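Structure record follows, encoded as structure tokens.
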Amino acid sequence: MELHILEHSLKVASIAKEGIQICTHGLIKLAFLPSKTRCKFFSLTETPEDYTIIVDEDGFKELPQSEYLSVAEATWLALNVVSGGGSATSSQPIGVTKIAKSVIAPLADHNISVFMLSTYQTDFILVRERDLPMVMHTLSSEFTLLRVVNGETVAANSTGVTNGFVKPKLVPRPIIHPLSSPSNMFCVTSLDPDTLPSVATLLMDVMFYSGGVKDSGASGDDSGHIRFFSFSLIEGYISLVMDEQTTRRFPNNVLFTSASGELWKMVRIGGQPLGFDECGIVAQISEPLATADIPAYYISTFKFDHALVPEENIQSVIGALRTNESAGH
């Protein structure tokens, strides 16, 4: 197994809902006019609280300075597990549960905070640039470590930081944050970049102007329904996460689906903003799912984390996580 350290230097930021109009010009350029920028890594996720952006340094220049824009300190690097050859985004989807025990758990055991972005194509593990020596030391026994330089993979030189590292004492990771499961069901999908212009105005409406208005068919007392939409354009590949109602707004045969056409239920992690320094949150969720062999997408945002699991597994997922949660009390 190869672990690729991508060449993008990334910023993670939050845009307040009331300030989105100030940033819309730059965001539209990043999402729909990539040829007009040098940006190669862009992701925008809307939650009920805010918009979270993950963007490389070239893309970040497209955003205005604003009191509504909060930027996480530190520069982040994206890691990608690739089984076999091929580029990161053309490999088979791995799913966060497949890397829970080989990547997520060891990093948590070494007190390395991660920020996850699952896409239709693959899973990106974001780590702080300053943590990279420890990350490489932690994962070097399990993976062939490769750096991506100008689009080509080269051997990642060990940074010679093994002296003085103490193997951490492995401790159980009970879930300590509240869990909730919204009522809406979600699709993880993609589309051919060549078809993006044909649905650009629809996507702009969904991303910036719908304001979370529910489908007219939704029940008026559906208090468990949340606003969640994620768009990623990374190295030319588009990934979309949206609820089932939103997908119905798109023309037939535009959106890709998996062969099973499955729907996903969400588990939201956190009762109050999680911050960036706590370690092990992703591991707390992904390890029980890996043990139960349940696939999952995982999307971290500025304030909360989100796991997506197959609809038919939601009750067993909640049961497994509740068991892990009660172990923490």
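The values are calculated or read from the model by the stated rules, or taken from the named source; none is laboratory data. This is a predicted model, so every value here is computed, not measured. Reconstructed Cβ throughout: ideal geometry from the backbone, glycine too, with neighbour counts over all protein chains shown. All accessible areas refer to the heavy atoms of the entire protein, side chains included, with ligands and DNA or RNA removed. Shrake-Rupley method; radii C 1.70, N 1.55, O 1.52, S 1.80 Å.
Miscellaneous remarks
- Residue in the range 92-99 that is at pLDDT below 90, open to solvent by 20 Å² or more (accessible area, probe 1.4 Å), of a type in the set (Gly, Ala, Ser) and on the phi > 0 side of the Ramachandran plot present: no
- When the residues of the range 305-318 are filtered to those that are surrounded by fewer than 22 Cβ atoms within 10 Å (Cβ to Cβ) and under 11 Å from Leu179 (Cβ atoms), the one that is modelled with the highest pLDDT is Asp305.
- Of all residue pairs spaced 6 or more apart or on separate chains, those with beta-carbon atoms under 6 Å, a first member in the range 1-12 that is under 19 Å from Ala155 (Cα atoms) and touching a residue at least 40 places away in the same chain (Cβ under 8 Å) and a second member that is surrounded by fewer than 20 Cβ atoms within 10 Å (Cβ to Cβ) and polar (S, T, N, Q) are Met1/Ser83; Glu2/Thr144; Ser9/Thr75.
- Per-region count, the range 218-255, residues open to solvent by 70 Å² or more (accessible area, probe 1.4 Å) and modelled with pLDDT under 90: 5
- When the test is whether a residue is open to solvent by 10 Å² or more (accessible area, probe 1.4 Å), within 15 Å of Leu117 (Cβ to Cβ), under 17 Å from the mean Cα position of the chain (by Cα) and modelled with pLDDT of 90 or more, Phe276 does not pass it.
- Among the residues of the range 55-80, just one is outside any loop (DSSP other than H, G, I, E, B), open to solvent by less than 50 Å² (accessible area, probe 1.4 Å) and more than 20 Å from Gly151 (Cα to Cα), namely Leu69.
- Positions within the range 9-25 being part of a helix (DSSP H, G or I) and open to solvent by 10 Å² or more (accessible area, probe 1.4 Å), in sequence order: Lys17, Glu18, Ile20, Gln21, Ile22, Thr24, His25
Per-residue answers, yes or no, for (1) in contact with a helix residue (DSSP H, G or I) (Cβ under 9 Å, 6 or more places away or on another chain); (2) under 30 Å from Ile112 (Cα atoms):
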site: Leu6; (1), (2): yes, yes
site: Ile15; (1), (2): yes, yes
site: Thr24; (1), (2): yes, no
site: Lys29; (1), (2): yes, no
site: Cys39; (1), (2): yes, yes
site: Thr45; (1), (2): no, yes
site: Thr52; (1), (2): no, yes
site: Asp56; (1), (2): no, yes
site: Leu63; (1), (2): yes, yes
